[in-house]
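Written out below as structure tokens is the structure these notes cover.
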Amino acid sequence: MSVSIETHFKCYPCAKIFKTREPMEEHKRSKKHKKSEKAYLLKHPDQDPSSIFRSIHTESSDFMSEINKSLTSNNEPLTVPEDSDLSK
């Protein structure tokens with residue numbers, strides 16, 4: 001099993017994570033972000049406005065990717081029989 005490190009971008013005022021720069025740049029221009037950014041900077045006066053977006057690194061394992069693929073590959077919803085007792 002291999003583990004890979006992925007880089008994402010986080011907007012701290014809005015608590016949103018972006019996989020690529022393009023959606024992050026689009027988010028920066030939104031009215032909602034600008035309002036959140038203003039409130040965030042008022043609460044954190046020592047925060048440099050240029051550092052409210054930071055890159056973060058997450059680990060991704062092939063094992064979990066394979067499980068997710070197998071769960072969604074057959075395009076059938078997961079179901080539980082009506083007579084199943086899930087309290088066990």
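The values are calculated or read from the model by the stated rules, or taken from the named source; none is laboratory data. Keep in mind the model is a prediction, meaning the values are calculated, not measured. No Cβ is skipped: glycine too gets one built from the backbone with ideal geometry, and neighbour counts run over all protein chains shown.
A few notes on this one:
- Close pairs (9 angstrom Cβ cut-off, 6 or more residues apart or separate chains): more than 20 Å from THR20 (Cβ to Cβ) in the range 45-58, in a loop (DSSP other than H, G, I, E, B) anywhere: GLN47/TYR12
- Summed over the range 8-37, residues that are in contact with a helix residue (DSSP H, G or I) (Cβ under 8 Å, 6 or more places away or on another chain) and in a strand (DSSP E or B) total 4.
- Here ILE5 meets the list (1) surrounded by 14 or more Cβ atoms within 10 Å (Cβ to Cβ); (2) touching a residue at least 24 places away in the same chain (Cβ under 8 Å); (3) not in a loop (DSSP other than H, G, I, E, B) almost entirely, failing just condition (1).
- Selection count, the range 38-47, where residues are assigned to a loop (DSSP other than H, G, I, E, B) and either touching a helix residue (DSSP H, G or I) at 6+ places or on another chain (Cβ under 8 Å) or modelled with pLDDT under 90 (or both): 1
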